[in-house]
Amino acid sequence: MFVHLGLNTMTGREWGDGTEDPALFAPHQLDARAWARLARETGFGTLVLTAKHHDGFCLWPTATTAHSVAASPWRDGSSDVVAEVADACRAEGIRLGLYCSPWDRNAPSYGSGDAYNDLYIAQLTELLTGYGDVAQVWFDGAVGETDAGRQRYDWPRIHATVRRLQPDAVMFSDSGPDLRWVGNESGVGSLTSWCAIDSARVPEPGRSDPWTVDSLSTGSPDGDVWRPPECDVSIRPGWFWHAEEDAQVRDPYNLWSLYAATVGRGSKLLLNVPPNPDGVITDADAAALHGFAALRERTLGTDLLATATTHRDGDALIITPEAPVEADLLDLAEDIAEGQRIAAHRVEVDDGTGWRPLHAGTTIGNRRLIPLPPTRIARLRVRIDLAYGEPRLSHVALHVSPHGSTTRADNHD
C-alpha cells in the first residue's frame, strides 16, 4: 500500500513547486497505526510512505533542509511522520517502505550536480539509519530543469548507499535494480510477463521512450537480471487526496480487476491510498479496501479443484474433480525458485462430451489468473508447449470470479 501525504494534501495540488509554507501541514487527526492496521486487515504486506515528494517537503525533521515538519507549528514542531509510520508498521506486523523523491523543487542546490547528490544521499542516510528495518526503497526518475541546468542523479552511489545501509531492502524504479516499473500507472500488467529483463535496454531510471517501456512491460526470457515488475496505481484519480475525488474512489470490483490484471499477471500491485488533510484515510477508501479483501478471500479461498485427482498423460497434466464443476477463472502458478521457465501453455476442457480448447497463453510466472467463459468442467488438461528448461507448474485451481470482473480486467488489453 502506497501512502501519499504531504503539503500537496493541504493545498489540493498533485505537484507542489517547493514554495509552500510548511505551516500548512497540520494533519491534526493523523493516526499512522490506523493506516497500518487497515493495510494489515485488508491483506497488504508493506506500507510505502512518501517521505518526500517533488516539492521537497520532508515528513521527518531532517538536518538537510528547513523545509520539513520541524517548520510546522503542528505538534509544536516536534512531529516525525516517518517515525510514527515506522512504529505503526512494527506494531501491526507489516513491512515499512519509503519513497524519497530525487526531484526537489525546494532545494537551492538542485540542478548543481554533486552538491545536490550529496544532499540527497544525506537524506537517504537519515531515512535508512533512523527508523529500523526498511523493506522497500521506492525511486522514480522524476527530474526537472533549473536555471543551473538539469540535475544528473548519481544512481550508482544512491543504490550503493541503500545496499550498505539496508542490505535486505529491495529497490524499485523503472530500471530496478531489484523491482521494475511495469511501464504504466493504470494497474495493468502485460499478458506476457517475464521477471528477467535485459538491463542494457533499461540502463537507468527516467527513460520513457517506447523501446524502454516495451522492455519494462514484458521483460525477456533471455534477460541478464531478475527484476520482477511492480504496478503502481491509485485508488483515486490522483496520488494525493482531493475532496472533489471522493465520488471517484475505486469500488471493490474495480480493485479486484486491478488485482487480476497485475498480481494475476505475475506482477506486484502497489495501490496508493492517500489520507485526507486531517491525516485520515476516509471511510469510502477504507470500505473499498475491506470489500476488495472480501472479494479476494471469497474468490481465491474457494478452489473447485481442491479435492480433484491429478495424473500425467505424456506431456499433459490432467485434473479431474470429484464431480463436474462450473467455473470462470483459472488460477495457474509455476515454481520460480530456480527461474521462470514456461513460455507457452494451453488448456483444454472436457465437459463430458470430449476434449476441446479452452485457453492458450504465454508466460505463467508466480501467478496467472485467467478469465474464462462460464464453463462446465469434468476434466481439465494443461499442456506446456514451450519452456526454457524443465517446466515446474506448481498450482492449478479453478474459481468463480466475482460478478465477472476478472473478464473486465482482461479487457484492459
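The values are calculated or read from the model by the stated rules, or taken from the named source; none is laboratory data. This structure is a prediction, so every number in the text was calculated from the model and none was measured. Reconstructed Cβ throughout: ideal geometry from the backbone, glycine too, with neighbour counts over all protein chains shown. Keep in mind that these areas ignore ligands, DNA and RNA; they rest on the heavy atoms of the full protein, side chains included. Shrake-Rupley method; radii C 1.70, N 1.55, O 1.52, S 1.80 Å.
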Note to self: Go through the stretch 329-339 and report how many residues are more than 11 Å from Ser394 (Cβ to Cβ) and either of a type in the set (Gly, Ala, Ser) or open to solvent by 20 Å² or more (accessible area, probe 1.4 Å) (or both).
What the structure shows: 2
Notebook entry, point to check: Quick one: would you say Pro237 is open to solvent by 10 Å² or more (accessible area, probe 1.4 Å) and under 12 Å from Ser186 (Cα atoms)?
Noted result: yes
Check: Do you know which residues across the stretch 159-185 are in contact (Cβ under 8 Å) with a residue 40 or more places away in the chain, open to solvent by less than 20 Å² (accessible area, probe 1.4 Å) and assigned to a strand (DSSP E or B)?
Finding: Phe172, Leu179, Arg180
Next item on the list: Output the number of residues of the stretch 239-256 satisfying the condition of being over 16 Å from Leu5 (Cα atoms) and hydrophobic (A, V, I, L, M, F, W, C).
Entry: 4
Notebook entry, point to check: Pairs, please: C-beta under 6 Å, at least 6 apart or cross-chain, first residue farther than 21 Å from Arg40 by Cα and open to solvent by less than 50 Å² (accessible area, probe 1.4 Å) and in the stretch 294-310, second assigned to a strand (DSSP E or B) and of a type in the set (S, T, N, Q)?
Noted result: Ala308/Thr320
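Do we have any residue at all in the stretch 74-83 that's aliphatic (A, V, I, L, M), open to solvent by less than 10 Å² (accessible area, probe 1.4 Å), modelled with pLDDT of 95 or more and in a helix (DSSP H, G or I)?
Checked the stretch 74-83: at least one residue is aliphatic (A, V, I, L, M), open to solvent by less than 10 Å² (accessible area, probe 1.4 Å), modelled with pLDDT of 95 or more and in a helix (DSSP H, G or I).
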Checklist line | All positions within the stretch 19-35 that are part of a helix (DSSP H, G or I) and open to solvent by 10 Å² or more (accessible area, probe 1.4 Å) | finding: Pro22, Ala23, Leu24, Arg33, Ala34
Note to self: Consider the stretch 52-96. How many of its residues are at positive phi and touching a strand residue (DSSP E or B) at 6+ places or on another chain (Cβ under 7 Å)?
What the structure shows: 0
Margin query: Checking Trp226 against (1) surrounded by fewer than 20 Cβ atoms within 10 Å (Cβ to Cβ); (2) aromatic (Phe, Trp, Tyr); (3) in contact with a helix residue (DSSP H, G or I) (Cβ under 6 Å, 6 or more places away or on another chain): exactly one of these is not met. Which one?
Written below: (3)
Check: Limited to the stretch 97-124, what total is found for residues that are closer than 30 Å to Leu38 by Cβ and open to solvent by 10 Å² or more (accessible area, probe 1.4 Å)?
Finding: 1
Next item on the list: Please state which one of Val263, Val349, Val273 is out of contact with any Phe, Trp or Tyr (no Cβ under 8 Å at 6 or more places or on another chain) and of a type in the set (Val, Ile, Thr).
Entry: Val263
Notebook entry, point to check: Can you name the residue in the stretch 134-158 that is within 13 Å of Glu204 (Cα to Cα) and assigned to a loop (DSSP other than H, G, I, E, B) and is also farthest from the chain's Cα centre (by Cα) among such residues?
Noted result: Arg152
Next item on the list: Restrict the check to the stretch 205-212 and report whether at least one residue is surrounded by 21 or more Cβ atoms within 10 Å (Cβ to Cβ) and among the polar types (S, T, N, Q).
Entry: no
